[in-house]
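What follows is one structure encoded as structure tokens, with my remarks underneath.
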Protein chains: 2
Amino acid sequence: MPTRSTDLGLALSEVEVPRGFGRGPRWWCANFQDAGFRITLPRQAILEALTNNSTKHLSAEEIYFEVHKRYPGVGLTTVYRTLEILVNMGLVFRFDFGDGKSRYELLQGPNAVTHHHHLVCTNCGRVIDYTEFIEQEKGLLDKIEKVLSEKYKFNIKSHQIQFSGLCEKCK
Amino acid sequence: MPTRSTDLGLALSEVEVPRGFGRGPRWWCANFQDAGFRITLPRQAILEALTNNSTKHLSAEEIYFEVHKRYPGVGLTTVYRTLEILVNMGLVFRFDFGDGKSRYELLQGPNAVTHHHHLVCTNCGRVIDYTEFIEQEKGLLDKIEKVLSEKYKFNIKSHQIQFSGLCEKCK
DNA sequence: TCAGTAATTGAAAATGATTTCCATTATCAA
DNA sequence: TTGATAATGGAAATCATTTTCAATTACTGA
């Protein structure tokens, strides 16, 4: 049985790897070790949760609940700490839709979402990931990124476009 | 003397109106009254502070300090309440650069900034308002806004573009 | 001009997301 | 296997923002 347990009452199962992706469930291990971080069970659990929910915009607490389903020993503090590491490493992007809590999305990995363009209702908080104009946006954004990187000496890691307004119900 | 005082110890001075702008210091009064809100001294002070600092990205507390210089009787609670009204009316835009506090910028009025495109350092929090590519961005964004408004039945009020990364010092 | 009335206010308390503290536990290089 | 040290979880602390509430104020109609 591909399960092992620890004193904390955690259990790590093997993750199903979708066919067609070049990188397995532990694609991030090299990132961690190169940066001097250790591979721990809580971190594996958190990355598993992020990978399995890459199309959602989970908050830290929602990630905690998600992790908690399978690894009840992992604490909310560790979720926050791990997310900070992941954001700093550029593996995860932190969004803010104005509802007072940060939201997180995988930037790299087997289920990474690469397009972070949103339509946000400022009243009810509904978020739509729109995928129209990807190509046109990409062309312009790449050009802008190149120019800004050089002019302002920034090492640009990501970008976002956000339209805000009122959705049909809230108008 | 163009100053009057109240029981709260407030003092409202006349505001210098820059020549060349079509709208005076009270351009927002109609917005407030049409929406059923009253014109009060604290609200005048807060709009004055926003107008005089339109190129900065002030937090609620910074706006409070700014207001406090001339109107020491105005409380932080009122600053928050007024900002919420202004954001809902579309006169002010609320940003979040990831440092845990919201930032506010005038969308309308004599000193309004219309271009909300930023380059943010995720380490030190430095924010650069870049003005390159305004025309090209505008063309594409207007087109996207039109299509998204119709498709998703949104009443879009504003947009933002944000590039995140590390500045020269933090690399 | 002058109340009457409901909106607005400031201070203090409450809230809620995130961080810090610290004693315990787990990872991994030697 | 072991020891140094990184990582952990729970509790407490922090900090931005919101709520509560009694006092004050702005605007309405007389």
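The values are calculated or read from the model by the stated rules, or taken from the named source; none is laboratory data. Computed from a prediction, not measured in an experiment: that's the story for all the values here. FYI the Cβ positions are ideal-geometry reconstructions off the backbone, even for glycines, and counts take in every protein chain you see. Heavy atoms of the whole protein, side chains included, go into the accessibility calculation; ligands, DNA and RNA do not. Shrake-Rupley method; radii C 1.70, N 1.55, O 1.52, S 1.80 Å.
Listing for the model above:
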{"read-out": "Members of the stretch A:89-100 that are over 8 Å from the mean Cα position of the chain (by Cα) and either farther than 21 Å from B:S102 by Cα or at pLDDT 95 or above (or both)", "value": "A:M89, A:G90"}
{"read-out": "The stretch B:50-66: number of residues that are under 13 Å from B:L86 (Cα atoms) and among the small types (G, A, S)", "value": "1"}
{"read-out": "Residue within the stretch B:124-131 that is in contact with a Phe, Trp or Tyr (Cβ under 9 Å, 6 or more places away or on another chain), more than 8 Å from every other protein chain (Cβ to nearest Cβ) and over 20 Å from A:F133 (Cα atoms) present", "value": "yes"}
{"read-out": "Where a residue in the stretch A:29-42 is open to solvent by 60 Å² or more (accessible area, probe 1.4 Å) and its partner, wherever it lies, is not in a loop (DSSP other than H, G, I, E, B), with Cβ under 7 Å and at least six apart", "value": "A:F37/A:I85"}
{"read-out": "Given (1) within 12 Å of DNA strand C (Cβ to nearest atom); (2) part of a loop (DSSP other than H, G, I, E, B); (3) over 17 Å from A:G100 (Cβ atoms), index of the condition B:V113 fails", "value": "(1)"}
{"read-out": "Options A:G139, A:G100; residue that is among the small types (G, A, S), in a helix (DSSP H, G or I) and surrounded by fewer than 14 Cβ atoms within 10 Å (Cβ to Cβ)", "value": "A:G139"}
{"read-out": "Matching residues in the stretch B:45-67 - criterion: being open to solvent by 70 Å² or more (accessible area, probe 1.4 Å) and either in a loop (DSSP other than H, G, I, E, B) or within 15 Å of DNA strand D (Cβ to nearest atom) (or both)", "value": "B:T55, B:K56, B:E61, B:E62, B:F65"}
{"read-out": "Members of the stretch A:132-158 that are within 10 Å of another protein chain (Cβ to nearest Cβ) and either among the hydrophobic types (A, V, I, L, M, F, W, C) or under 30 Å from B:I85 (Cβ atoms) (or both)", "value": "A:F133, A:L140, A:L141, A:I144, A:V147, A:L148, A:F154, A:I156"}
{"read-out": "Any hit, the stretch A:127-135, residues being assigned to a helix (DSSP H, G or I) and open to solvent by 30 Å² or more (accessible area, probe 1.4 Å)", "value": "yes"}
